[in-house]
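Engineer: I have a structure here, written as structure tokens, and I will follow up with some questions on it.
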Amino acid sequence: MTREPRWTTGLAMIAAPLLLTGMLLRLPVPFFFPHQLAAAADHPGQVVAAYTRVLAGTLLLCPAVLTLAARVRSRPGFLGAVLVVTGLFARVFHAGFDQAALALARHRGAGFATAFVADAYGDTHLFSYLSFTIMLGWPVLAFAAWRARVLHPVQAVGLVAMAAMPLGVLKGTTALSLVAVAGVAVALVPEGPRLLRTAPRPDFRLVAVAVPAVGLLAYVSTLG
């Protein structure tokens, strides 16, 4: 791996687990979707913030996982990364459905949104056949990283814990969710500073230009 991406991937390894703690914001709400939608109607700011933070953390797991696989440099590591990233795509797909359902709860009421989700919940789609990927991918990647001595045994166990994270539409927070987030934090957060220590010094003039430009592009994206 070249030196240049290490700022991005190192920060991703730190930020992804921290953002996934957004699950704590939906901890008081029961697990299944009728309760999640009722909470969205009653406490929209809290619920949207929770789901948005978790989605952002899920996105940042992608560069973190690919970087870990690049450091492992083995076929099992590559296979594990492919399985995990496929599963992360599934989580993002479900997040899109979550967003639509939460918006319905806010604009049309929890009853309308609950009926919609109940009707659509069993519909088959591509990711219906790929749910196994993320449950299998984390243990495979963790084993490969441990064998390559990229992760210590405790970190590898933490990575395996991510397989326990519930997958699907409008899932609430459980004890297993919190174990999974704690595990991935143990696995990835220490790796972030290690990458950052070996990263080249950033060009702050470029950063001063890039940050406002990205902010402007993000704003323009919302206008479409």
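The values are calculated or read from the model by the stated rules, or taken from the named source; none is laboratory data. Just so it is clear, the model here is predicted, and its values are computed rather than measured. Note that we place each Cβ from the backbone using ideal geometry, even for glycine, and neighbour counts take in every protein chain shown. Note: areas computed on protein heavy atoms with side chains; ligands, DNA, RNA excluded. Shrake-Rupley method; radii C 1.70, N 1.55, O 1.52, S 1.80 Å.
Engineer: Count, please, the residues in region 202-215 that happen to be open to solvent by 90 Å² or more (accessible area, probe 1.4 Å) and over 25 Å from the mean Cα position of the chain (by Cα).
Structural biologist: 4
Engineer: Also, quick follow-up: List every residue pair whose Cβ atoms lie under 7 Å apart, where the two residues are 6 or more positions apart in sequence or sit on different chains, the first residue falls within region 31-46 and is touching a residue at least 12 places away in the same chain (Cβ under 8 Å) and within 15 Å of residue 108 (Cα to Cα), and the second residue, located anywhere, is of a type in the set (Ser, Thr, Tyr) and in a helix (DSSP H, G or I).
Structural biologist: 34/114; 37/114
Engineer: Return the residues of region 172-183 that are surrounded by fewer than 21 Cβ atoms within 10 Å (Cβ to Cβ) and among the aliphatic types (A, V, I, L, M); say none if nothing qualifies.
Structural biologist: 175, 176, 178, 179, 182
Engineer: With the checklist (1) within 19 Å of residue 62 (Cβ to Cβ); (2) in contact (Cβ under 8 Å) with a residue 60 or more places away in the chain in hand, flag the one item residue 178 doesn't pass.
Structural biologist: (1)
Engineer: Another one. Taking region 68-125 as the region of interest, how many residues are of a type in the set (Lys, Arg), over 21 Å from the mean Cα position of the chain (by Cα) and within 18 Å of residue 166 (Cβ to Cβ)?
Structural biologist: Qualifying residue count, region 68-125: 0.
Engineer: With buried (at least 19 other Cβ atoms within 10 Å of the Cβ) and touching a helix residue (DSSP H, G or I) at 6+ places or on another chain (Cβ under 9 Å) as the only criterion, which of 120, 113, 103 stands out?
Structural biologist: From the options 120, 113, 103, the qualifying one is 113.
Engineer: Which numbered condition trips up residue 22, out of (1) open to solvent by 20 Å² or more (accessible area, probe 1.4 Å); (2) closer than 19 Å to residue 183 by Cβ; (3) without any contact (Cβ under 8 Å) to a residue 40 or more places away in the chain; (4) not aliphatic (A, V, I, L, M)?
Structural biologist: The number of the failed condition is (1).
Engineer: From the list 209, 189, 220, 157, which residue is touching a residue at least 24 places away in the same chain (Cβ under 8 Å) and farther than 19 Å from residue 57 by Cβ?
Structural biologist: None of the others qualify; the one that does is 157.
Engineer: Another one. For the list (1) touching a residue at least 60 places away in the same chain (Cβ under 8 Å); (2) farther than 25 Å from residue 47 by Cβ; (3) surrounded by fewer than 21 Cβ atoms within 10 Å (Cβ to Cβ); (4) not polar (S, T, N, Q), I need the number of the one condition that residue 195 fails.
Structural biologist: (3)
Engineer: Let me ask something else. Tell me which residues, restricted to region 60-83, are β-branched (Val, Ile, Thr) and open to solvent by 60 Å² or more (accessible area, probe 1.4 Å).
Structural biologist: Scanning region 60-83 gives a single hit, 82.
Engineer: Kindly provide the set of residues from region 1-46 that are β-branched (Val, Ile, Thr) and either in contact with a Gly (Cβ under 6 Å, 6 or more places away or on another chain) or modelled with pLDDT of 95 or more (or both), ordered by number.
Structural biologist: Listed by number, the residues that qualify are 14, 21, 29.
Engineer: Report those helices (runs of 4 or more DSSP H) wholly inside region 69-154 carrying at least 1 residues which are within 25 Å of residue 180 (Cα to Cα), of a type in the set (Lys, Arg) and out of contact with any Asp or Glu (no Cβ under 9 Å at 6 or more places or on another chain).
Structural biologist: Output list reads 75-108, 132-147.
Engineer: Among the residues that make up region 153-171, is at least one of them over 19 Å from residue 16 (Cα atoms), open to solvent by 40 Å² or more (accessible area, probe 1.4 Å) and not hydrophobic (A, V, I, L, M, F, W, C)?
Structural biologist: yes
Engineer: Evaluate region 31-48: report whether one residue or more is open to solvent by 40 Å² or more (accessible area, probe 1.4 Å), more than 20 Å from residue 117 (Cβ to Cβ) and in a helix (DSSP H, G or I).
Structural biologist: Yes: one or more hits.
Residue-by-condition table, conditions (1) open to solvent by 60 Å² or more (accessible area, probe 1.4 Å); (2) closer than 25 Å to residue 157 by Cβ; (3) of a type in the set (Gly, Ala, Ser):
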residue: 58; (1), (2), (3): no, yes, no
residue: 87; (1), (2), (3): no, yes, yes
residue: 108; (1), (2), (3): yes, no, no
residue: 135; (1), (2), (3): yes, yes, no
